[in-house]
Structure formats: C-alpha cells, structure tokens
Amino acid sequence: MDEEEYDEWYGGPTKKELQEQQDARHAKAFGDSPKKKARMPRRILIPVIDRARCVICGDRFDGHGHNPEPLKQEGRCCDSCNLAVINARLQML
C-alpha cells in the first residue's frame with residue numbers, strides 16, 4: 001500500500017494537508033517571511049529543582065515530601081520516614 005492509498009484508506013487528513021495546515025498556522029502567527037521562521041521562539045527550559053532533604057533521616061528525596069509532624073515541627077520528610085510519622089500520629093489517638 002503506497003502513501004496515497006493509505007491516506008485514502010485512513011480517511012483523515014493526508015500528510016500534505018497536515019503540513020499545509022501547519023504552514024498556514026505558522027504564517028498567521030509569524031508572518032510569511034522566512035527570516036521570521038528562523039526567529040521562532042525557543043522552548044523555555046525549566047531548571048531542575050534540587051532534591052529536597054528529609055528532616056528526619058537526612059536523605060534526599062524527589063517530590064513534595066510529607067508533613068513530619070509530630071516528630072519534627074518544620075520541613076518535609078521522605079516516604080520511608082512518613083511511615084514512622086503515621087505510626088506516631090496513630091499512637092496519639
């Protein structure tokens with residue numbers, strides 16, 4: 001099956017039609033100048049956030065962490081230490 005037969009069988013827009021749509025959107029956004037096409041905005045790179053440190057064990061962890069109360073009053077704790085925090089909370093009941 002060649003590309004034209006596939007596009008006909010597929011029933012959706014052909015690759016050529018998709019490219020024309022993309023070119024039309026680009027021309028609308030940036031104008032038809034080839035120089036403007038070369039000056040398209042670059043992707044903004046989001047800096048990698050340094051991994052947080054657990055206030056209970058001192059290990060580094062990814063993510064938001066957990067509330068360490070009642071074992072510690074400030075900071076965040078890792079998943080492993082969160083089990084001890086939950087046990088401490090249950091003992092308070």
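The values are calculated or read from the model by the stated rules, or taken from the named source; none is laboratory data. Since the structure is predicted, the reported quantities are computational estimates derived from the model, not experimental observations. Cβ coordinates were reconstructed from backbone atoms using ideal geometry, including for glycine residues, and neighbour counts include every protein chain displayed.
Which condition number in (1) surrounded by fewer than 10 Cβ atoms within 10 Å (Cβ to Cβ); (2) modelled with pLDDT of 75 or more is the one that D2 fails?
Unmet condition: (2).
Does I56 count as at pLDDT 75 or above and part of a loop (DSSP other than H, G, I, E, B)? Break it down into steps so the answer makes sense when it comes.
On the way: at pLDDT 75 or above: yes; part of a loop (DSSP other than H, G, I, E, B): yes.
Considered against the rule, which asks whether it is at pLDDT 75 or above and part of a loop (DSSP other than H, G, I, E, B), I56 comes out as yes.
What's the number of the only condition in (1) outside any loop (DSSP other than H, G, I, E, B); (2) at pLDDT 90 or above that K36 fails to meet?
(2)
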